[in-house]
Structures are given as structure tokens and as C-alpha cells.
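J.: Structure provided below as C-alpha cells; questions to follow.
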């Protein structure tokens, strides 16, 4: 009987944030994620768990949060094992 070769496929599924019916959803956020560079281990769990796909991975660097679409849900901060993401009041940043 001839041996069968198994094909291995990479079916990594991901989506990129785009403007939906709610518009630029980051405009109605009350908290914003702020990554503390000194604490970040670059594990990318924030990217993995972000339900909106607004965290951008950059190889070997600190992830970047796309605040245009980030809704401030805080999932990234809750999942971060090194507690490198602080959820700060949006009003603090608007006054800058």
C-alpha cells in the first residue's frame, strides 16, 4: 500500500478593522489602552485577544493600538500577563 502524504495548511484567520455602520468606533470610547513599554514582554497576547483586531503587531517591537477603531473594552489589559496595559480615562487624553 502506498504511503499517503498529509498536506499541512496554514488557515490562520484574522480580520482588519474597517469603518462599519457605526462609523469610526474609537470616537465614543471612555477608556483607552496605554501600553507601558517598560513592562511589555512583546508576547502579543493583547493582539490575539483583542475582539476588534485593533492591535497591530510589529516584529520585535511593542504592539501599537489603532485608536481609530479601539472601543476601549479592556480585554487586552485583562489578558496581558505582565500587566503592561493601563486603561486610562479618555478625558485625560482629550485635554492634551
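Every number here is computed from the coordinates shown, using simple stated rules; none is lab data. No experiment lies behind these values; they were computed from the predicted model shown. Cβ placement follows ideal geometry from the backbone for every residue including glycine, while neighbour counts extend to all protein chains displayed.
J.: Calculate the radius of gyration of the Cα atoms of the range 31-94 to one decimal place, then report Dmax, the largest Cα-Cα distance, as a whole number, both in Å.
T.: In Å, with Rg to one decimal and Dmax whole: 10.7, 31.
J.: While we're here: Would you mind ranking 66, 37 by Cβ crowding within 10 Å, fewest neighbours first? Write down the numbers at each step before the final one.
T.: Values: 66 15, 37 8.
Going from least to most buried by this count: 37, 66.
J.: Counting pairs of alpha carbon atoms under 8 Å apart in space and at least six apart in sequence, what relative contact order in percent does the range 31-94 give? Spell out each step's value before the answer.
T.: Working: 102 pairs, mean separation 30.1, N = 64.
Relative contact order of the range 31-94: 47 percent.
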